[in-house]
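Asks: Shown below is the structure under consideration.
The values are calculated or read from the model by the stated rules, or taken from the named source; none is laboratory data. Bear in mind that the values here come from a model prediction, so they are computed numbers and not experimental data. Note that we place each Cβ from the backbone using ideal geometry, even for glycine, and neighbour counts take in every protein chain shown.
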Amino acid sequence: MKGQAKAEGLIRHHSQSHQKTRDELNLALARLRNNNPRIVKRGTKITVTSVAQEAGVDPSTIYRFHESVRVEIRKASNAAAKKQPKENLDELQRMEQQAKEYRLTAEELQSQLHALAQQNYVLSQQLQEQKDFVTLRDKTIANLQERLKSAEKVVPLRPVD
């Protein structure tokens with residue numbers, strides 16, 4: 001009698017342990033599906049190994065005792081694989097739209113830069129003309145002052161009464 005009770009206790013413990021592990025595996029799979037894991041990094045691909053790590057069990061446990069969890073992992077992995085191209089396509093379209101906006105902004109800025117370069121060229125030419133004019137004026141003034149000095153030497157200027 002005592003041996004039978006002990007055997008029943010062991011069977012009950014094994015069954016409870018098996019169910020507890022199954023529950024942990026299901027919770028781990030759910031966390032990975034929701035991209036909210038506690039142990040593995042976010043975005044980790046759903047595999048037997050990642051679910052086992054998240055649940056804190058050895059991967060061989062899933063292979064040996066939890067075929068139904070393996071089936072769910074496979075389904076989740078396939079669903080993620082099917083979902084990924086659509087997400088990639090959406091992301092690609094978003095990035096292409098952003099690139100188009102950046103190109104338009106770059107073209108507009110390039111146009112503004114070209115207009116500013118033209119304006120800068122015109123202003124540079126005007127500045128050079130003004131410098132040339134000032135230089136010519138200074139030379140003319142110096143020449144006239146020189147002529148005035150030499151004229152005073154030749155004929156002294158008398159004050160007009």
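Asks: Which of the helices (runs of 4 or more DSSP H) contained wholly in segment 1-74 include at least 1 residues that are of a type in the set (V, I, T) and within 24 Å of E87 (Cα to Cα)?
Replies: The qualifying helices (runs of 4 or more DSSP H) are 48-55.
Asks: For segment 20-51, how many residues meet the condition of being over 15 Å from S68 (Cβ atoms) and in contact (Cβ under 8 Å) with a residue 24 or more places away in the chain?
Replies: Adding up the residues that qualify gives 5.
Asks: I've got another one for you. Would a scan of segment 6-27 turn up a residue that is within 29 Å of the chain's Cα centre (by Cα), closer than 17 Å to A76 by Cβ and of a type outside the set (D, E)?
Replies: Checked against the condition, which is being within 29 Å of the chain's Cα centre (by Cα), closer than 17 Å to A76 by Cβ and of a type outside the set (D, E), segment 6-27 yields no hits at all.
Asks: Report yes if Q112 is closer than 30 Å to N35 by Cα, of a type outside the set (A, V, I, L, M) and at pLDDT 85 or above, otherwise no.
Replies: For Q112, the condition - closer than 30 Å to N35 by Cα, of a type outside the set (A, V, I, L, M) and at pLDDT 85 or above - is not met.
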